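Before any comments, here is the structure.
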Amino acid sequence: MNSKESNSYFQFRSFRLNQARAAMKLGVDSMILGSWVEVSNCKRILDLGAGTGVLSLMMAQRTNAHITAIELDELACLDADLNFRSSPWPDRLELIQGDAVSYASRHVDPLFDAIITNPPYFERSLKSTVAHRNLARHNDQLSNEQLLFCASKLLLPNGRLQLILPAERADRFLSEAANQNWQVLRILNIQPKTHKPVNRRVMELSRVPGKFQEVSLVVYQGNHYSEEYIRLTESFYFKDLRANPSPRS
């Protein structure tokens, strides 16, 4: 099997993620976010900018909730639809093709216990000539303000917004959220290696105050996944990362 063929899908322990059409393939960010989020007792979860649906599938594995996934890009939706239909949980996974702001604007009453999102990251940066790759990578379609608008419209009063962002954008996001009276409950600071600075933050916010917790995670020790990363994500990986220690294995 060549590298292009092997990159067209990823085998999880409980499901298979097809990603042949989507601009953005599975990465460590989604693995961390989907493993870290607090979704116990959730009945309805919303996955904003779902891409191939990996976070929705991870939530389906972790909970008994109904999961709604919203994705704008048609090609990513084709992958997500296949992934949902072929998963063990097709009856609990709903896919909507469209933009998140329009979806939120149509709803008068809040619907969800949790919103999870791994949104497009890049701001004011050089774009690709491939349109659907720009949708996946750049935040033209889902800015900080739009994320907060969607959360304010769609989350139940005690619901939680949980997302991952690059560290610099995360700090701006937290500042904007504080101005709108959002409370930060948890932050996970991610370092690629011990000698590298924090490059991602995973955040949990709510309208309801709670005890604040901030912790850190190092992804790699040398050329291997760290023990803390393995412990966090091991319920999803098909292979044993300790027996196959190389991230590229």
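The values are calculated or read from the model by the stated rules, or taken from the named source; none is laboratory data. Since the structure is predicted, the reported quantities are computational estimates derived from the model, not experimental observations. Don't worry about glycine lacking a Cβ; one is built from the backbone with ideal geometry, like all the others, and counts go over all protein chains shown. When the accessible area is computed, the model is the full protein with side chains, heavy atoms only, and any ligands, DNA or RNA have been set aside. Shrake-Rupley method; radii C 1.70, N 1.55, O 1.52, S 1.80 Å.
Could you tell me which chymotrypsin sites (Phe, Trp or Tyr not before Pro) in region 185-249 are loop residues by DSSP with no more than 14 other beta carbons within 10 angstrom of their beta carbon? Spell out each step's value before the answer.
Values: sites: Phe212, Tyr220, Tyr225, Tyr229, Phe236, Tyr237, Phe238; in loops: Phe212, Phe236, Phe238.
Those satisfying the criteria are Phe212, Phe238.
Working note: 222 nm ellipticity from helices only, DSSP H runs with n ≥ 4, each -39,500 (n - 2.57), summed and divided by the residues of the chain, gives -8500 deg cm²/dmol to the nearest 500. Computed over the chain with a Gaussian network model linking Cα atoms closer than 10 Å, the most mobile of Ser206, Ser105, Ser35 is Ser105.
In this structure the amide hydrogen of Tyr225, modeled in the peptide plane, comes within under 5 Å of no amide hydrogen from residues 5 or more places off or on another chain. Between the C-alpha center of region 5-50 and that of region 186-249 there is a gap of 15 Å. The alpha-carbon of Lys43 sits under 20 angstrom from the alpha-carbons of these aspartates and glutamates, leaving out residues fewer than 8 places away in its chain: Asp91, Glu94, Asp109, Asp113, Glu204.
Need one number for region 195-234: average projected area of the convex hull over its C-alpha atoms, nm². It would help to have the intermediate numbers written out before the result.
Working: hull surface 16.1 nm².
About 4.0 nm², averaged over all directions.
Using a cut-off of 29 Å between Cα atoms, the listed pairs Lys153/Lys193; Lys25/Lys239; Lys25/Lys196 include Lys153/Lys193 as exceeding that distance. Please identify, among Ser40, Ser14, Ser102, the residue showing maximal mean-square fluctuation in a Gaussian network model of the chain using a 10 angstrom Cα cutoff. In this elastic network of the chain, the residue with the biggest mean-square fluctuation among Ser40, Ser14, Ser102 is Ser102. Taken over the chain, the percentage of Cα pairs per 10 Å bin, counting from 0 up to the bin with the maximum distance, is 7, 31, 39, 20, 2, 0. Over the heavy atoms of Glu71, what accessible area does a 1.4 Å probe trace out, to the nearest 10 Å²? About 20 Å², rounded to the nearest 10.
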